[in-house]
1. For segment 10-48, name all the residues that are over 25 Å from Pro263 (Cα atoms), more than 24 Å from the chain's Cα centre (by Cα) and either surrounded by 22 or more Cβ atoms within 10 Å (Cβ to Cβ) or not acidic (Asp, Glu) (or both).
2. Could you please find all residues in segment 144-184 being assigned to a loop (DSSP other than H, G, I, E, B) and either over 21 Å from Ile102 (Cα atoms) or in contact (Cβ under 8 Å) with a residue 40 or more places away in the chain (or both)?
3. Residues of segment 233-243 being modelled with pLDDT of 95 or more and surrounded by 18 or more Cβ atoms within 10 Å (Cβ to Cβ), which ones?
4. Out of curiosity, is Phe296 among the aromatic types (Phe, Trp, Tyr), in contact with a His (Cβ under 6 Å, 6 or more places away or on another chain) and farther than 25 Å from Leu129 by Cβ?
5. I'm trying to understand the selection: among the residues of segment 34-48, which are part of a loop (DSSP other than H, G, I, E, B) and aliphatic (A, V, I, L, M)?
6. In segment 185-215, how many residues are within 14 Å of the chain's Cα centre (by Cα), at pLDDT 95 or above and not in a loop (DSSP other than H, G, I, E, B)?
7. Answer yes if at least one residue in segment 54-61 is crowded, with 17+ Cβ neighbours inside 10 Å and polar (S, T, N, Q), and no otherwise.
8. Return the total of residues in segment 23-32 being without any contact (Cβ under 8 Å) to a residue 40 or more places away in the chain and either within 22 Å of Leu65 (Cα to Cα) or assigned to a strand (DSSP E or B) (or both).
Amino acid sequence: MRDVVILGSTGSIGTQALDVIRAHADRFRVRALTAGTNVGLVAAQVAEFAPQVVAMSTDDAAAALAERLGADGHRAGAPEIWGEGGNDRAAALGCDVVLNAITGAAGLTPTLAALHAGTTLALANKESLVIGGRLVTDAAADGQLVAVDSEHSAFAQALRAGRASEVRRLILTASGGPFRGRTRAELAEVTPAQALAHPTWNMGRVITINSATLVNKGLELIEAALLYGVDYDAITVVVHPTSDVHSMVEYIDGSTIAQCSPPDMRLPIALGLAWPDRVPDAASAYDWSVPRAWSFEPLDSDAFGAVELARRCGRAAGTAPAVFNAANEVCVDAFCAGALGFLGIVDTVEAVVEEHLASGHVPDADLSVTAVLAADAWARTRAAGIVGSPA
């Protein structure tokens, strides 16, 4: 039986993690849940999973949850309820696995808290690794950091096929998003509604827009380099529209090992919670009696420049990835609000990154949490200034 802390229990990854736990109650037990302000959903999760601790993102939400649980008759045996700052506290609790499913840069300090506590960290919050860089990798003991992103879970599985010295390159697959095949000129009039219509995955707003711009793939490229110690030149992004092959590892003898499964995040989530063991029937397998075909194509870096921009930020390391991520979050908000065009998202991020690299960049050797958070704050303010929206 593994005790699990879920950070971000009301989001897409958090709710699917609870699906896994519900189906495998003999293997997993919920120790703590954290969430934003969705009091109703958290109250339902508390009633079903009986965590010892629940943390909400604001003190007001925590108070509302306490009132709700009391009103619903759950006062006896009710969990301890925390407000602001609860993510860090929950991440440091004694447990077997912390699943960090928080969205964005807010996941950094909980990631570090879990690693410093010596707990296995199932990481769905790629941003904390991307912006934290060596601060996160240095804090992680061997085997302590387990990827939950489907692509990075695929790498972890395919890397079992050989020694690290035998790896030639990682092949990171991308669905191409809703605009696969369009030229840069054809992307100029894209609307938020169109960008939110992902062809394969049902995700939150920011990650869905990031998938449309391929910023998400840029973040995943940086994540892969940090997780598996692979040079940026040894990571290739290819477009695979059906998202059946989640990523591949090419070995020096010419063999390529692919991890394939129907698109279902419950599989990598279950593997992250149980690592290095597999959970039986975590997700459905293929029906091989049905014909199927998979295709792959090169990435159009002219239309989707986010990947190469991310590669540049990854090579620069230090605070550059934090600036890339923070500026993008502001630009996504501006795009959804109608204050910025679709192409303006990556164009603005690039302008902010260029300015940061020219003046203000902190290299890896001098990196600290303070420097990362300062770069994050600066990038948000600068991007907001460019697009004319609040930071």
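The values are calculated or read from the model by the stated rules, or taken from the named source; none is laboratory data. Computed from a predicted structure; not experimentally measured. Cβ atoms come from the backbone with ideal geometry, glycine included; neighbour counts cover every protein chain shown.
1. Result: Gly40, Ala43, Ala44, Val46, Ala47.
2. The answer is Val148, Asp149, Gly162, Arg163, Ser175, Gly176, Arg180, Gly181, Arg182, Thr183, Arg184.
3. Across segment 233-243, the qualifying residues are Ile235, Val237, Val239, His240.
4. yes
5. Selection gives nothing.
6. So the count comes out to 1.
7. First, pick out the residues of segment 54-61 that are crowded, with 17+ Cβ neighbours inside 10 Å: 54-57, 61.
Next cut, polar (S, T, N, Q) only: 57.
Checking segment 54-61: at least one residue is crowded, with 17+ Cβ neighbours inside 10 Å and polar (S, T, N, Q).
8. Within segment 23-32, residues that are without any contact (Cβ under 8 Å) to a residue 40 or more places away in the chain and either within 22 Å of Leu65 (Cα to Cα) or assigned to a strand (DSSP E or B) (or both) number 2.
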